[in-house]
Amino acid sequence: MAVITISRELGSEGDKIADILCDKLGYCRVDKAVLAQIAEEAGVDIKAILAQEQAVANRPRLISDQMTSLYGRQPTAFRKKAAVDDQTYERVVRETMERFAKEGNAVIVGRGGQMVLRDWPTALHVQLYAPVEVRVERLMVRHGISELEAKRRIAASDEQKRMSIRNIHKNANWKDLKHYHLAINTGAIAAEVTADIILQAARHREHAQ
């Protein structure tokens, strides 16, 4: 089966859809798993990766608080480096994603997978989006926050993604449809139906090669 990459706007239910796909296909969801792989292969301290992500996008999002806490309690888990340069960071991300792509059976969520694997023959690249008002409502309900706070989080998330892709992938626009095989408005299409559409497209993509 084709490896699936998912680029999603905050509030587009991308994580939910990725989980549905993994359940339906028996796939591995590559997000926190890829973080551990990145750290292990690069031999870089988690804090160094966080610092690099912050340098690239001004807002660390590569590693969750949960992952930071986990590895923070294991100071000998990885060899320590004081810093990680752009080339090392990009190389490790690329090699890690390519390894998952070779093994197949993976849904890669975020991290510019659509760019890293753009020439991968059996990769299916999906963009999930929704109208701003739908995204705001979802965040308000999910997190119990105000409309103003929801809008702030969405703007910050969109900017972080825009800067990350632009800086790492030669001024690429993460919302440019040329980087995707499918773009689905999850404000109009339910999560389960969206997952089914992606599943069918992935099967077609694999058999068309």
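At a glance:
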{"item": "Residue ID - nearest to Gly187 (Cα to Cα), chosen from residues in segment 133-159 that are touching a residue at least 12 places away in the same chain (Cβ under 8 Å) and β-branched (Val, Ile, Thr)", "result": "Val134"}
{"item": "Leu21 being at pLDDT 90 or above, of a type in the set (A, V, I, L, M) and buried (at least 18 other Cβ atoms within 10 Å of the Cβ)", "result": "yes"}
{"item": "Residue in segment 122-136 that is modelled with pLDDT of 60 or more, polar (S, T, N, Q) and in contact with a Ser or Thr (Cβ under 8 Å, 6 or more places away or on another chain) present", "result": "yes"}
{"item": "Residues of segment 3-18 satisfying the condition of being part of a loop (DSSP other than H, G, I, E, B) and either of a type in the set (A, V, I, L, M) or modelled with pLDDT under 85 (or both)", "result": "Val3, Leu10"}
{"item": "Positions within segment 160-177 being out of contact with any strand residue (DSSP E or B) (no Cβ under 9 Å at 6 or more places or on another chain) and touching a residue at least 24 places away in the same chain (Cβ under 8 Å), in sequence order", "result": "Gln160, Met163, Ser164, Asn167, Ile168, His169, Ala172"}
{"item": "Wholly enclosed strands (runs of 3 or more DSSP E) of segment 86-192 bearing at least 1 residues surrounded by fewer than 16 Cβ atoms within 10 Å (Cβ to Cβ), hydrophobic (A, V, I, L, M, F, W, C) and touching a helix residue (DSSP H, G or I) at 6+ places or on another chain (Cβ under 6 Å)", "result": "182-185"}
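This table checks each residue for (1) modelled with pLDDT of 80 or more; (2) in contact with a Leu (Cβ under 7 Å, 6 or more places away or on another chain).
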residue	(1), (2)
Trp174	no, no
Leu177	yes, no
Ile184	yes, yes
Gly187	yes, no
Asp196	yes, no
His207	no, no
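The values are calculated or read from the model by the stated rules, or taken from the named source; none is laboratory data. Since the model is a prediction, treat every value here as computed from it, not as a measurement. When we count neighbours, we look across all protein chains shown, and the Cβ atoms used for this are built from the backbone with ideal geometry, even at glycine.
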